[in-house]
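The values are calculated or read from the model by the stated rules, or taken from the named source; none is laboratory data. The structure displayed is predicted, hence computed values, not measured ones. Note that we place each Cβ from the backbone using ideal geometry, even for glycine, and neighbour counts take in every protein chain shown. Surface accessibility is based on the protein's heavy atoms, side chains included, excluding ligands, DNA and RNA. Shrake-Rupley method; radii C 1.70, N 1.55, O 1.52, S 1.80 Å.
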Amino acid sequence: MNRLDLSGAALADPYPVLADLRAEGPLVPSDGVLLATTRESCDAVLRDRRLGRIFAPRQPEAEWETFNWLHADSVLDSEPPKHTRLRRLVAAAFGRGHVARLAPRIQALCDELLEPAGPALGDGTWDVVTSYAEPLPVLVIAELLDWPVADRHLLRPWSQAIVKMYELAPTEEQQQEARKAASEFAEYVAALADSRVGGDGEDLLSDLVRVRDGSDRLSRTELVATVVLLLNAGHEASVNGFGNGLASLLAAPGQQAAARDAVQDPAQAALLVEEMLRHDPPLQYFERTATQDVELLGRTVHEGERVAALLGAAAHDPAAYDDPDTFRSARTGPPHLGFGAGIHFCLGAPLARLELQTSISTLLGRTSHLEVVSQVRRPTFVLRGYESLVLADA
């Protein structure tokens, strides 16, 4: 029986459903999957090395060939020893000062994106998702990879088409769009990577090419999969993390004024970002598969059995957070699980945090008192976010 019924109003607000599941226990069986419902159980699922991130190729494989290897050869969907090698190589390239060097550019991009909104926010309305939250991560990742300016418009449509496959029941049309996007995206990245061979570029793609062509190397498909993952995971999480977090902030009495004070202090601004990611997580559901029989919180998870961490349920667990349904800009306590835990902890977390801290600080610094005029949720659960969030500056 499917216990995760998120039809109708529950899709817009899944937290009552998640609370009911959590009340049944830390591990709840549902339609062939064990649902982890508390922070403790979700953390255990994400950290236990015997619960692997096992990618199941989509069928028929001839139709899904590119989509399948984009996932099978990514660090997210690999397990040791392959995961260990990929993560070490990708982390080495990613860690060469790329995030630090982007800080001034991220600030400049935030300023540029907010400039046209000045008159609208002063005396009108403005959609913060379509005009600010969506374009910013694409521009940042394009800068990170030194993506050709003329083709940057391709990135978000490719990403959106692929990530719709992560929902629990994608339609046939969405499956067709995902296959097409995967093929086009992979072909473009492979050609772009080849154009960087022998160059002295300082961008992340050039660094990854040098890793690919070095003695301890990434394969051709592993490099392409890494770049596609960087956009799909990093971009969607940043867009939805900002939109969800801002909506939570603006709905919480008295918190907008507190946040405006907080962003003046980097340490307090960092706490604000963590609460934005905790209160309404952009990623709600993350699966693992038992590679052997595992004892987990007093229950045996049998080899081959799937376990899903319900990250929204973990984020609202009263055993972990005081008054968890309330948004507090200066909340302290256990770290949220939005970036995962264990060996699959998100490599892009420092970049995502920098983007969110810069973008929310810049927005609050340029406005007086934001109010939500209208909002439209995406009809999705796994990747939770807004299609639009229209604001006025009162």
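Tallying residues that are closer than 19 Å to PRO379 by Cα, in contact with a helix residue (DSSP H, G or I) (Cβ under 9 Å, 6 or more places away or on another chain), open to solvent by less than 70 Å² (accessible area, probe 1.4 Å) and not in a helix (DSSP H, G or I) within segment 4-33 yields 3. Checking segment 170-187 against the condition returns a match, with at least one residue being modelled with pLDDT of 90 or more, over 26 Å from PHE381 (Cα atoms) and aliphatic (A, V, I, L, M). The condition of being farther than 28 Å from VAL45 by Cα, hydrophobic (A, V, I, L, M, F, W, C), in a strand (DSSP E or B) and open to solvent by less than 50 Å² (accessible area, probe 1.4 Å) holds for only one of LEU363, LEU389, that being LEU389. Using beta carbons and a limit of 9 Å, which pairs, at least six apart or on different chains, have the first residue in segment 94-114 and acidic (Asp, Glu) and the second one open to solvent by 40 Å² or more (accessible area, probe 1.4 Å)? Within 9 Å, the pairs are ASP111/ARG366; GLU112/LEU139. Only one entry in THR226, THR300, THR221, THR289 is of a type in the set (Ser, Thr, Tyr), open to solvent by 10 Å² or more (accessible area, probe 1.4 Å) and over 24 Å from the mean Cα position of the chain (by Cα), namely THR300. Screening ALA36 against (1) over 24 Å from GLU355 (Cβ atoms); (2) open to solvent by 30 Å² or more (accessible area, probe 1.4 Å) leaves a single unmet condition, (2). Here the condition is being buried (at least 17 other Cβ atoms within 10 Å of the Cβ) and either assigned to a strand (DSSP E or B) or modelled with pLDDT under 95 (or both); of ALA320, ALA309, ALA314, it holds for ALA309 alone.
When ALA161, ALA237, ALA190 are checked against the criterion of being touching a helix residue (DSSP H, G or I) at 6+ places or on another chain (Cβ under 8 Å), more than 25 Å from ASP280 (Cα to Cα) and either crowded, with 20+ Cβ neighbours inside 10 Å or at pLDDT 90 or above (or both), ALA190 stands alone in meeting it. Every condition in (1) in a helix (DSSP H, G or I); (2) buried (at least 20 other Cβ atoms within 10 Å of the Cβ); (3) touching a residue at least 60 places away in the same chain (Cβ under 8 Å) is met by LEU337 except one, and the failing one is (1). Against the list (1) open to solvent by 10 Å² or more (accessible area, probe 1.4 Å); (2) under 13 Å from the mean Cα position of the chain (by Cα), the condition PHE242 fails is (1).
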